[in-house]
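Shown next, in structure tokens, is the structure this report addresses.
Quick note: the coordinates plus some simple rules give every number you see, no bench work behind them. This is a predicted model, so every value here is computed, not measured. Neighbour counts run over all protein chains shown; Cβ positions are idealised from the backbone, glycine included.
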Amino acid sequence: MKASDIRSAVHNPRSAVNILFILVLLFVGLLLNSRIKTLLYGFVEGQVARQAATIAEKTAQELNTEILSLRYRASVFEQTPDKLDSVLRTMTTANTNMKMGILATDGSVVSGEGVYPEDFPGIQSSFRGEGTITYNDKIGLLFTYPIFHGENIRYVLYELCPKDRISTRFGISCFDGMGRALVLSRNDELIVPFENATGDDIDFFFGDEVSAVFSELTSSLEQEVSASRRIETSKGEFYVFASEIPGTRFYLAGFVASDVAAEGAYSIVLLVGRVFELIIVLFTVGSLYLIFTSGKVHENDELVRAKQVAEEASKAKSDFLASMSHEIRTPINAILGMDEMILREYDDPSLRQYAMNIRNAGNTLLSIINDILDFSKIESGKMELVPVEYDLSLVIYDLVSMMKPRAEKKGLSFVVNSNSSIPRGLYGDNIRIKQCILNLLTNAVKYTESGTVIAVFDFENTLDGFIDLKVAVKDTGIGIKPEDMEKMFSPFERVDLVRNRNIEGTGLGISIVKQLLALMGSQLEVKSIYGKGSEFSFTVRQEVRDSAPMGDYEKSYIHSVESSHTYREQFTAPSAHILIVDDIEMNLTVASGLLKNTEIDIDTAISAKNAFVLTEKHSYDVIFIDDRMPGMGGIEMLKELRSRSGNPNCVTPCIVLTANAIAGAREQYMKEGFEDYLSKPIDAAELEKTLLRYLPQEKIVVNKFRADSAPVRREIPETAPGELSETEKLEKLKDYIGSDDKLSDAVKLLMKRTHK
């Protein structure tokens, strides 16, 4: 390559755009990584606290068992007060790990090896009639229980576990021996030390780095049974925990390394980081190649070959981005799903505001990923149109509700001019049409600093049953230079980069619009005067399904809303039983939480292996299976399940639940044998609709008002004219509707429509 070619490439504006896009990808990756870490830390703290409570219950059983044993032995001495020495020798011989003895109420030794009240203050409680446990750092762990003579205390029976045997006899193993746990009194006196502890473990636990957090934990035990906190120390990252020991005056405390406590959950963070690293590396390599080949002026045989390599690299990039988009959607599913549960279950205004901010940020990230995915689908020839019947007034209203607040926030006037004679019901891919208009409106608002943004909707009649729908977006923005017109349609490109350096976005919007319109047999027309404004327009042919005029789009929308109803859970099925299989714990939590109010009995499995154990024990109505799991994937699990003729679920409907959203994914999974397909992030309404299709009808209790259908109405019994008075008729109508309030609302709505 000549030096002049290199200089030309370095000064090419494309270089700055590529570098900017790499920085955007890096920032998004860091943001997503931070969000997921916050969720993971809270999840692991809860797991550690629950594990601590379980260990505390086991410890309570150990300690209380020893006291109960001592109580039984004391009762033997009460029955044979004249044979204390012989009975004690028999008991000591049977239990060589413990030293036993009997003290008089003045502290003197009656039988056995002596211990002294000044070494074990807890003995005084046994002199008052209680069984106690006391620890001496130099001697050991002492259990005591009173021996009664009638209602009076005659002696105190004790059992001493020497210090060098405490770990063997009462040491607490936690987290498969990787954690450290001990028992403390309410006054923070050590009762049972760490099992197999080193001096470093003891110094670390009682050191300054842990003590401040540990004080917070013990304070929280007044309201909670157990608690856990994550700390970062000079020795690394740990989770410190504490828990009440039931039935005692002690509590359990300890610590465990974060990687042990997380049990692999941090692999999600690593996965997201690796995905973004791979995307950045791939884009950087491709960008460097383009930068240092774009400076050539004359094509030759070498340039032709390089061009072919670049085209192959571009195709590989598109396929790679489509695959990586699948991986990124998995953690986004956890973020948006858990956020949806917060919005459903909590009414605190501040918490809901934070949750709404998380939802908005998550949806923004999802829209960027969807842009990349759409671009990849188009480049690889896998984009498909999905025509449906739709109401144009709803499309317009949705666009206005999204864009008008953004325009007004910038001080812009947002105007909609729609031909009221446009037929209301059309047939076409309304999602892609809306996507094209939304991209044009978004650009108009972004690139207009003052003035007006206008959306125009018109039509022309063509053949019978069809119209040409005309859409235009006009603005009084910065306009486009004639020499930048072609550049505007290139992916990842920005025109007038110096002037527009603060404008956000991926640079894919106009390129996607152009290629979507090409799929619909249309093209984007552009008129622009630099410094004064621009007009983007297109025409698409749509089939007419309802020729009634749309009228005013706002009134038409209100009419549609009045005839619909607020979304609720579509059904309950308390007798239904389903299984959800996913290798990510948070995905199981999200799916279960979204179905919480349906009352379905839900089992979850973290792997195909665990799922097979459950399918052998239970008969399920529906099984949801994630595709990409370590060990055995979803497709392999499905085939194995179908091959086990003795399994009660060998013919149970199985639905793939996956983040693979590329074109053709549904067809591929159905071909492999799945009954249906749901993509992540999970849509709660689609999840319920799918269950309505596959759960046994006798187990479903359909709600009276469902989100996807008209209200279920009871038949009003026919009454012959004249049989009832007006008052009786009104009472009958009230009984049918359900209450005075609902009857009043129905009458007001009827009067309102009659007035209109």
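At what distance in nm do the modelled label points of SER420 and LYS555 sit from each other, each positioned 7 Å from its Cα along Cα→Cβ?
0.6 nm
Within 10 Å of each residue's Cβ, count the other Cβ atoms and sort THR652, THR462, THR452 from fewest upward.
THR462, THR452, THR652
Take the cross-link list LYS446/LYS481; LYS410/LYS481; LYS409/LYS446 and give me the ones stretching past 20 Å between alpha-carbons.
Correct reply: LYS410/LYS481.
What does the convex hull of the alpha-carbon atoms of the stretch 173-262 project to on average, in nm²?
Here the figure is 5.7 nm², rounded to one decimal.
Only loop residues by DSSP count here, and only those with at most 14 other Cβ atoms within 10 Å; note down the trypsin sites (Lys or Arg not before Pro) in the stretch 173-256 that meet that.
Passing sites in the stretch 173-256 are ARG186, LYS235, ARG249.
Which order results if VAL210, VAL701, VAL456, VAL256 are arranged by neighbouring Cβ count within 10 Å, fewest first?
Ascending number of Cβ neighbours within 10 Å: VAL701, VAL456, VAL210, VAL256.
Tell me which trypsin sites (Lys or Arg not before Pro) from the stretch 513-554 have a DSSP coil assignment and no more than 15 other beta carbons within 10 Å of their own.
Taking the stretch 513-554 and a limit of 15 other Cβ atoms within 10 Å, the loop trypsin sites (Lys or Arg not before Pro) found are LYS532.
Mind listing which trypsin sites (Lys or Arg not before Pro) in the stretch 76-167 are in a DSSP loop and have 12 or fewer other Cβ atoms within 10 Å?
When the trypsin sites (Lys or Arg not before Pro) of the stretch 76-167 are filtered for loop state and at most 12 Cβ neighbours within 10 Å, ARG128, LYS138 remain.
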